Amino acid sequence: MRIFVDGNEVVSQAFTLGNANMSNWNIGKDSQAGRNFDGQIDDVRLWSGALDSADLGGAILNSANTPNLLAHWTFDAAPGG
């Protein structure tokens with residue numbers, strides 16, 4: 001898994017995802033450790049495979065034509081809205 005913030009890689013580590021239909025997904029919460037992300041999350045995208053830097057740059061500019069994009073959450077709603 002690689003995590004990017006504003007186009008810069010901030011985390012890279014091995015990660016294996018089991019059957020996604022077998023468990024709940026949380027963005028910003030570690031339900032097993034009881035921890036929550038302390039900050040704001042604006043844009044989350046999930047692909048079915050790894051992207052290199054060039055692919056990521058293109059995806060940021062045009063997510064509609066990104067191969068293997070499984071989900072894209074923009075979190076554009078105003079707080080409480």
(message) About the Cα centre, and with charges only on the beta carbon of Lys, Arg (+1) and Asp, Glu (-1), how big is the dipole of region 27-70? Nearest 20 debye, please.
(response) 140
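So how do R2, R45 rank on accessible area, 1.4 Å probe, biggest first, that is with the largest at the start? Could the numbers behind the result be given before it?
Numbers: R2 95, R45 55 Å².
The ordering from most to least exposed comes out as R2, R45.
The values are calculated or read from the model by the stated rules, or taken from the named source; none is laboratory data. Nothing here was measured: the structure is a model prediction, and the numbers come from that model. As a convention, Cβ positions derive from the backbone with ideal geometry for all residues, glycine included, and neighbour counts pool all protein chains shown. When the accessible area is computed, the model is the full protein with side chains, heavy atoms only, and any ligands, DNA or RNA have been set aside. Shrake-Rupley method; radii C 1.70, N 1.55, O 1.52, S 1.80 Å.
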